[in-house]
1. In the stretch 122-144, which residues are open to solvent by 20 Å² or more (accessible area, probe 1.4 Å) and modelled with pLDDT of 90 or more?
2. Yes or no: the stretch 145-168 includes at least one residue that is farther than 30 Å from Met1 by Cα, outside any helix (DSSP H, G or I), at pLDDT 85 or above and of a type in the set (Ser, Thr, Tyr).
3. Would you mind telling me which numbered condition in (1) surrounded by 12 or more Cβ atoms within 10 Å (Cβ to Cβ); (2) closer than 30 Å to Gln141 by Cβ Phe93 fails?
4. Among the strands (runs of 3 or more DSSP E) lying completely within the stretch 89-128, list those that include at least 3 residues that are within 16 Å of Phe39 (Cβ to Cβ).
5. Hey, does the stretch 65-73 have a residue that's over 30 Å from Asn5 (Cα atoms), open to solvent by less than 50 Å² (accessible area, probe 1.4 Å) and β-branched (Val, Ile, Thr)?
6. Residue by residue through the stretch 112-144, note down the ones that are touching a strand residue (DSSP E or B) at 6+ places or on another chain (Cβ under 7 Å) and small (Gly, Ala, Ser).
7. Can you tell me which residues in the stretch 25-56 are surrounded by 15 or more Cβ atoms within 10 Å (Cβ to Cβ), over 15 Å from the mean Cα position of the chain (by Cα) and aliphatic (A, V, I, L, M)?
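The values are calculated or read from the model by the stated rules, or taken from the named source; none is laboratory data. The shown structure was predicted, so the numbers you read here are calculated from the model rather than taken from an experiment. Every residue, glycine among them, receives a Cβ derived from its backbone with ideal geometry; neighbour counts consider all protein chains shown. With ligands, DNA and RNA removed, areas are computed over all heavy atoms of the protein, side chains included. Shrake-Rupley method; radii C 1.70, N 1.55, O 1.52, S 1.80 Å.
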Amino acid sequence: MNVLNGALCLLLVGMIILEILFIVRRNRTIHVRGKDDFFTYALIVFGVFLFCPVREDASLLESLRNVLLYVVLFGSVGVKRGISSKGIEKFGFTITWEQIIKIEIEEHLSSQMTVIIYTHKGKLKLLFNKYLIGEVLRALQNHVEAIYIQESLDKVLKLKKKNLKRRREKW
């Protein structure tokens, strides 16, 4: 068991180094920042707490493994997700513009929208704030032709354009 815990510790240290590289290199390339679904992340955190609990009677190697696992888990929040010039950036991989078949934009909560990306391999989701709808659409329209927007978001987009015109008139 100690050999397995030692190997897991080395793997987790490698994952921490990889996260640091993502944070340093990739975070600068994100034009419009999005985020992953909170519910999925909460399920992963719950699973890690369930299978690797913090115990007082654990050995030093087990405790080190658990701490490294929690650092990897919570450190992944620092890696930005969103839209870049290469494509849609998720944690650990990029969906290039050529892979995208279509995109649907739907209302998620009162202040968020969901961008659903369809590829040949399946679909992925990213969440954006509603006030970024103009920037998201500009970034996506440059690369993807098939973009479908929920009707309720059309109203938000029109309101945003009206407010922008009013601000320009005040200047």
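1. Listed by number, the residues that qualify are Gly122, Lys123, Leu124, Lys125.
2. Yes, the stretch 145-168 contains a residue that is farther than 30 Å from Met1 by Cα, outside any helix (DSSP H, G or I), at pLDDT 85 or above and of a type in the set (Ser, Thr, Tyr).
3. The single condition Phe93 does not satisfy is (1).
4. In the stretch 89-128, the matching strands (runs of 3 or more DSSP E) lie at 112-119.
5. Scanning the stretch 65-73, I find no residue that is over 30 Å from Asn5 (Cα atoms), open to solvent by less than 50 Å² (accessible area, probe 1.4 Å) and β-branched (Val, Ile, Thr), so the answer is no.
6. Once the filter is applied, which keeps residues that are touching a strand residue (DSSP E or B) at 6+ places or on another chain (Cβ under 7 Å) and small (Gly, Ala, Ser), the stretch 112-144 yields only Ala139.
7. Scanning the stretch 25-56 gives a single hit, Val48.
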